[in-house]
């Protein structure tokens, strides 16, 4: 995974902005209209979702590739 | 300070300065303009700020902003200008921002008779802005008193965190008298928070006198100020209880100090059988009329309202118990008379004038004679 | 928690703007811009707003905040700035608040070049009262008070600000978030009257009535129609058609701000220190 998501669902109003602007269709709305990560494996960690979320409900952090020296 | 000849309006500017006013925002309008002109000269000399705004509403807004940032503030206007200021007088009331608004009354309604004297803004001073609100209204009758009452107005604004209307008129505003003014007066300092943010400071928590100690902007308290009904945190609340308590406290912080705020100048009341009630510039004529009537052997008293609101309910009621009649000299169609009638326990007669000229002593004297005849 | 979140009164979130409303995006852009300017702290910055949807923002932001009366934010802000010039004063307003009821204050704030940063959240409508036409509702667009389409010619608030004397004038949108942050950041660092128009989508009171689709579609419209100023200037007039509009920096000038000008008055008058 290239990214880690933090969702603050109490803030999510289900507007769908993050879902639409995700270039890889990673996100979707559940039956209650809240965002969830549907296809995490496709995430390219571009951050478009967090950038335009009007409700500060979705946060995306890039996962740095593990350094070889650590192994 | 040595004695010098000055106008009532200039004395207001002098009073403001000595009381600590360091910010004036205004808009030109006769007959109040000399207050702005005087302060435009005087304020920068003491490091204060004078700004001429684009309109009367902005003049109110700019002084309220400056007050929230810690300055003592004053604005002045007349007639149509005071009508425009009403919106933000209400804001000052709701958000509890100290401010003095000078109204140099002229003939209305609307543009009316610019520069001509009237006292037709009495009820506007009390109820001009919408909604239940409290207010203090003061009125001087001389140049010297214009100075003193301005100082008192600034101190009341600060102490009660309320708008105070200095309800003067063209008569006193443009009156010239030789006066000697003190360099120093008793000044009420800006109220300050008693506890820190960490200790749970809330800007609208009332002190023992029901007045909140609201922090100035820029002092690290991160307060929120709004014209919406708010609770003690300063944030809006949709609760009936909060609404009721907020409006009640706003009234009670002033009404509980009424005995101190209400100032009524009384003369010849010991033997008076009837008395004349008046305020401001009209009191000068009323006083002459009372003196003349007394020379003719009539037992007439003189009652002058220095504090118009809160109204002198108790004092007028008590005085009226020993009187056969009260005459109200209203330089309007009849406004103070309604307040007097509400509380007086004796007959009340109106002597009204609304023709853009001031009362002549003979006119009031004639009404005194009529009243005496009516109540005999 | 993101570092900019410290500028929010987090106990007051989530905010009460409707789903998909762009105001939250601009409010975040403002605090991100503030965060980038070391001269702005939570203790020396005052947020002043008027009345309307956008003006709710002040209550969510953890500074000294002032929610004034409708249209009056700029006079209040002027008073704060002149009383305490060391404070940074940011005004949040809307298209109705700023260009209708507050129009006079707006142009005179620009004229005086008071050191304020004014961010206008332009949603093209009176949102809080349910969708009435504002002076920035485009021609032909529908509103509850323009049921057959607006015939009132709209203001270009940026042109207005420039003509009236503002010394920093720029436009951005809720879609162009990074650009918006940079634009506000530059406005904050200008000593003088800075004006930033931020286009925001109002799906509920404006978009729905004008069949503009969901919030994301309205933002896609911004993406597709906004043209950077540099590119816009090179466009021939016959290409500046349809709903295309320019964004970016329109005007910037070094002029004496009002406080500096008044300080000269104090000096001439021989005034003591404040």
Checklist (1) more than 14 Å from chain A (Cβ to nearest Cβ); (2) surrounded by fewer than 19 Cβ atoms within 10 Å (Cβ to Cβ); (3) more than 21 Å from the chain's Cα centre (by Cα) applied to residue C:266, failing item: (2)
Subset of region B:200-222 that is touching a helix residue (DSSP H, G or I) at 6+ places or on another chain (Cβ under 9 Å) and within 14 Å of chain C (Cβ to nearest Cβ) - its residue that is farthest from residue C:86 (Cα to Cα): B:204
Every residue from region C:184-203 that is more than 11 Å from every other protein chain (Cβ to nearest Cβ) and not in a loop (DSSP other than H, G, I, E, B): C:184, C:185, C:186, C:187, C:188, C:189, C:194, C:195, C:196, C:197, C:198, C:199
Unmet criterion (only one of (1) farther than 19 Å from residue C:115 by Cβ; (2) touching a helix residue (DSSP H, G or I) at 6+ places or on another chain (Cβ under 7 Å); (3) more than 14 Å from chain A (Cβ to nearest Cβ)) for residue C:181: (3)
Set A:49, A:53, A:18, A:12: member being more than 11 Å from chain C (Cβ to nearest Cβ) and crowded, with 18+ Cβ neighbours inside 10 Å: A:49
Unmet criterion (only one of (1) more than 24 Å from residue C:27 (Cβ to Cβ); (2) within 14 Å of chain A (Cβ to nearest Cβ)) for residue C:244: (2)
Of the criteria (1) without any contact (Cβ under 8 Å) to a residue 40 or more places away in the chain; (2) more than 9 Å from chain C (Cβ to nearest Cβ); (3) surrounded by 23 or more Cβ atoms within 10 Å (Cβ to Cβ), which one residue B:61 fails: (2)
Any hit, region C:111-128, residues being more than 8 Å from every other protein chain (Cβ to nearest Cβ) and part of a helix (DSSP H, G or I): yes
Residue within region C:33-50 that is over 21 Å from residue C:115 (Cβ atoms) and modelled with pLDDT of 95 or more present: no
Residue list for region B:1-31, restricted to those being touching a strand residue (DSSP E or B) at 6+ places or on another chain (Cβ under 8 Å) and assigned to a helix (DSSP H, G or I): B:8, B:9, B:11, B:12, B:14, B:16
Residues within region B:223-248 that are within 30 Å of residue B:305 (Cα to Cα) and either within 14 Å of chain C (Cβ to nearest Cβ) or surrounded by fewer than 17 Cβ atoms within 10 Å (Cβ to Cβ) (or both), tallied: 2
Odd one out for residue C:135 among (1) closer than 30 Å to residue C:62 by Cβ; (2) in a loop (DSSP other than H, G, I, E, B): (1)
Residues of region A:21-33 that turn out to be in a loop (DSSP other than H, G, I, E, B) and either within 11 Å of chain C (Cβ to nearest Cβ) or in contact (Cβ under 8 Å) with a residue 60 or more places away in the chain (or both), as a count: 2
Filter result (in a helix (DSSP H, G or I) and buried (at least 24 other Cβ atoms within 10 Å of the Cβ)) within region B:132-144: B:143
Test: residue in region B:169-187 that is modelled with pLDDT of 95 or more and over 24 Å from the mean Cα position of the chain (by Cα): no
The listed residue being more than 19 Å from the chain's Cα centre (by Cα), more than 14 Å from every other protein chain (Cβ to nearest Cβ) and either closer than 30 Å to residue C:108 by Cα or at pLDDT 95 or above (or both), out of C:221, C:232: C:232
Elements of type helices (runs of 4 or more DSSP H) in region C:1-105, at least 1 residues being more than 9 Å from every other protein chain (Cβ to nearest Cβ): C:23-36, C:57-60
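The values are calculated or read from the model by the stated rules, or taken from the named source; none is laboratory data. Since the model is a prediction, treat every value here as computed from it, not as a measurement. FYI the Cβ positions are ideal-geometry reconstructions off the backbone, even for glycines, and counts take in every protein chain you see.
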